[in-house]
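This report refers to the structure that appears directly beneath it.
The values are calculated or read from the model by the stated rules, or taken from the named source; none is laboratory data. Keep in mind it's a predicted model, so treat the numbers as computed, not measured. Note that each Cβ is placed from the backbone with ideal geometry, even for glycine, and that neighbours are counted across all protein chains shown.
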Amino acid sequence: MSEEKVYPVPPAFAAKAHINETQYRDMYQRSIDDPDGFWGQQAEAFISWYKPWDKVLDWDFNEPRIEWFGGAELNASYNCIDRHLDTRGDQTAIVWEGDDPAQDKCITYNELHREVCSFSNVLKKRGVRKGDRVCIYMPMIPEAAYAMLACARIGAVHSVVFGGFSAESIKDRILDSDCRVVITADEGVRGGKAVALKAHTDKALEGCPDVHTVVVVRRTGGHIQWHEERDVWLHEIAATVDANCEPEHMSAEDPLFILYTSGSTGKPKGVLHTTGGYLLYAAMTHQYVFDYQDGETYWCTADVGWITGHTYIVYGPLANGAKTLMFEGIPTWPDASRFWQVCDKHQVTTFYTAPTAIRALMREGEGPVKKTSRSSLRLLGTVGEPINPEAWEWYYHVVGDGRCPIVDTWWQTETGGHMITPLPGAIATKPGSATVPFFGVAPALVDNEGKLLEGEAEGNLVITRPWPAMMRTVYGDHKRFKETYFSTYPGMYFSGDGARRDKDGYYWITGRVDDVLNVSGHRLGTAELESALVLHDAVAEAAVVGYPHDIKGQGIYAYVTLVKGIEPTDALKTELIKLVRNEIGPIATIDVLQWAPALPKTRSGKIMRRILRKIAANEIDSLGDTSTLADPGVVDELLANRAHQ
Ligand code: PRX
């Protein structure tokens, strides 16, 4: 990394930006020296409150307990809609671009208000009350945002499940947070193909007896099963409810949503976010990190099923009265030029996507990019996984024509919003580095013993003090919250990521240091994948690791030991790969499956994943010490039978 390139902030960009370098330094310093003063001021500037707070912050990372804006009241839906109506009721809130390039529409703030009020009354009519959990399993259509905002309006807690998850995954999530109402669509459409959302929901609900209502949005009109006593069409029930719905007054610490994410052990956990701190941080990061200027069209390509979609398609932009683009399709349909065509069509100014998409498009060459203008673009962003410098450079030079700064934003489902990222008018960038902390964020590096590392260093990335959008608990399991995030290094939030800090204080995220994979920017726990594999009667044991993958960042490499007497066959391999996809979803497609007569274990029976990772990555010259293995011969056998990647 000695040849680090630095891209200075374009002076013209800095001149117009919300935050320049001096402002960044001053504001950052204040946010650390006087957090109460800093956040109190920001909270007044960005959010409309029904009732002010008694105390800005109360916290203890040992319990752990985190409370922002205690005593204050607000409503997230009011902040995202109602308060804009006087000044921008007729302006576009959501630009929707369909999977089919011939389909698009603009929804104004007035229309958004009508739709969300109506949806809120639909939920009320079906018995949803403040504090109830509602599962949303939707394609990328405006109704997904309406559903989220309707929950927020009436004080219900939404739990959005990504539309690519399987029936089994939906069931687990519904049961874990005891959702009684599910919102879905008949089908989704992606890349010209239908996704059977209602059918998946029906299957999931076979195991969820307490769900009494499924609100179905008609997207395609495709054939679906109908359960008369349970299912209602949104358009039919909406015709029977009032047009207006007053927002509930919510406490700042009332839950806003649950979002499930994979950890290194067990089933995905319900990350719980609350209202005041989350919304403030969403709005503020959206404004400062994307340097959002009034009237611009901002596009985040994530799915609303992920935290990126929650914070940077829905809550952040709408709280700021912005114009947010929602895209139903995929980057390569009808062809690899689609992203850039959409940028031209809607005059997109800010474009935010994942490295995996950039790498996939890079493979198609410059042609599909260069046949579009992209002259409206002024800022590019990336999120989800480390971006390799080659992809960064391509994004900068080919997509941005060397004109647009890139914000590489490091954050997590748990953090609610951006944590380490350049502010584009303030911070010079280096390809592959997420650069410096956002206001109020106190990152640090520790070694494996928890000792703080100073200056240039590489270690485990922790955050030493709270920020407003941090998760408050694991839904229904506060003990797990403490164990997962605050026990490895007591008194600090542990991210699960490794990072390096360079001589300029810039952070370079090196990836997960726990047993979590990042496949195409999607988090998957190795434990989940392994549990799915061992469901099969033929499987005695399984171990899953990640390995470097050109497009996906990480691929899934599974070692499978069969029950004695069962022969490994290609048919069985296919069956196992299918089993995992059915259990979790298509994102959990195993790339390489290797039969393992046995797994390398220590004498105490612990699987030595380090060795499995090395074999999967083809780093067989650096296997390290294998002398502590119970049976070192196992490694030779695995090496001899390495699967092809
Ligand atoms: O490993 C980091 C990686 O994605 C993880 C968080 O995943 P998730 O909760 O699904 O949220 C993704 C969207 C915020 C992190 O622990 N990650 C995310 N952004 C970056 C990143 N790694 C490097 N650079 C990033 N910009």
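Inspection of the range 367-376 finds a residue satisfying the criterion of being in a loop (DSSP other than H, G, I, E, B), in contact (Cβ under 8 Å) with a residue 40 or more places away in the chain and surrounded by fewer than 24 Cβ atoms within 10 Å (Cβ to Cβ). From the list Ala540, Ala630, which residue is among the aliphatic types (A, V, I, L, M), surrounded by fewer than 17 Cβ atoms within 10 Å (Cβ to Cβ) and modelled with pLDDT under 95? Matching residue, one of Ala540, Ala630: Ala630. As for the range 584-595, it holds at least one residue that is in the same structural domain as Leu524 (by the TED database) and farther than 30 Å from Tyr260 by Cβ. Selection of first residues in the range 126-145 that are farther than 14 Å from Val216 by Cα and of second residues that are among the basic types (Lys, Arg) and modelled with pLDDT of 95 or more, restricted to Cβ pairs under 7 Å at least 6 apart or on distinct chains, gives the following pairs, ordered by first then second residue: Asp132/Arg180. Here's a check for you: in the range 480-525, which residue that is polar (S, T, N, Q) and not in a strand (DSSP E or B) is nearest to the ligand (Cβ to nearest atom)? Here the residue is Ser520.
Across the range 403-416, the qualifying residues are those that are more than 20 Å from Thr349 (Cβ to Cβ) and not hydroxyl-bearing (Ser, Thr, Tyr), and the one among them that is farthest from the ligand (Cβ to nearest atom) is Gly416. Taking (1) surrounded by fewer than 17 Cβ atoms within 10 Å (Cβ to Cβ); (2) touching a helix residue (DSSP H, G or I) at 6+ places or on another chain (Cβ under 6 Å); (3) farther than 20 Å from Leu318 by Cβ in turn, Pro10 satisfies each apart from (2). Here Thr589 passes the criteria (1) touching a helix residue (DSSP H, G or I) at 6+ places or on another chain (Cβ under 9 Å); (2) buried (at least 18 other Cβ atoms within 10 Å of the Cβ); (3) more than 30 Å from Asp447 (Cα to Cα) except the one numbered (2). Scanning the range 171-199 for residues that are closer than 26 Å to Pro101 by Cα, more than 22 Å from the chain's Cα centre (by Cα) and assigned to a strand (DSSP E or B) yields Lys193, Ala194.
Here is a yes/no grid of residues against (1) among the aliphatic types (A, V, I, L, M); (2) without any contact (Cβ under 8 Å) to a residue 12 or more places away in the chain; (3) under 27 Å from Ser169 (Cβ atoms):
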site	(1), (2), (3)
Gly546	no, no, yes
Gln554	no, no, yes
Val560	yes, no, yes
Lys564	no, no, no
Leu572	yes, no, yes
Pro597	no, no, no
Arg609	no, no, yes
Leu612	yes, no, yes
Ala640	yes, yes, no
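Restricting attention to the range 261-307 and to residues that are charged (D, E, K, R) and within 13 Å of the ligand (Cβ to nearest atom), the residue that is nearest to Asp514 (Cα to Cα) turns out to be Lys269.
Among the residues of the range 200-232, those that are assigned to a loop (DSSP other than H, G, I, E, B), more than 14 Å from Lys171 (Cα to Cα) and either under 28 Å from the mean Cα position of the chain (by Cα) or free of Cβ contacts under 8 Å to residues at least 12 places away in the same chain (or both) comprise Arg218, Arg219, Thr220, His223, Trp226, Glu228, Glu229. A single entry from Gly555, Gly521, Gly546 fulfils the requirement of being closer than 13 Å to Glu385 by Cβ and at pLDDT below 95: Gly521. Here the condition is being over 25 Å from Ser166 (Cα atoms), out of contact with any helix residue (DSSP H, G or I) (no Cβ under 6 Å at 6 or more places or on another chain) and surrounded by 17 or more Cβ atoms within 10 Å (Cβ to Cβ); of Pro548, Pro466, it holds for Pro466 alone.
Identify, from the list Leu361, Leu423, the residue that is more than 16 Å from the ligand (Cβ to nearest atom), buried (at least 24 other Cβ atoms within 10 Å of the Cβ) and on the phi < 0 side of the Ramachandran plot. Being more than 16 Å from the ligand (Cβ to nearest atom), buried (at least 24 other Cβ atoms within 10 Å of the Cβ) and on the phi < 0 side of the Ramachandran plot holds for just one of Leu361, Leu423, which is Leu361.
Taken as a whole, the condition of being within 9 Å of the ligand (Cβ to nearest atom), out of contact with any Asp or Glu (no Cβ under 9 Å at 6 or more places or on another chain) and of a type in the set (Gly, Ala, Ser) does not apply to Gly400. If you go through the range 528-561 and keep only what is part of a helix (DSSP H, G or I) and more than 16 Å from the ligand (Cβ to nearest atom), you end up with Glu530, Ser531, Ala532, Leu533. Scanning the range 420-440 for residues that are within 15 Å of Arg501 (Cα to Cα) and touching a Ser or Thr at 6+ places or on another chain (Cβ under 9 Å) yields Ile420, Thr421, Pro422, Thr429, Ala434, Thr435, Val436, Pro437.
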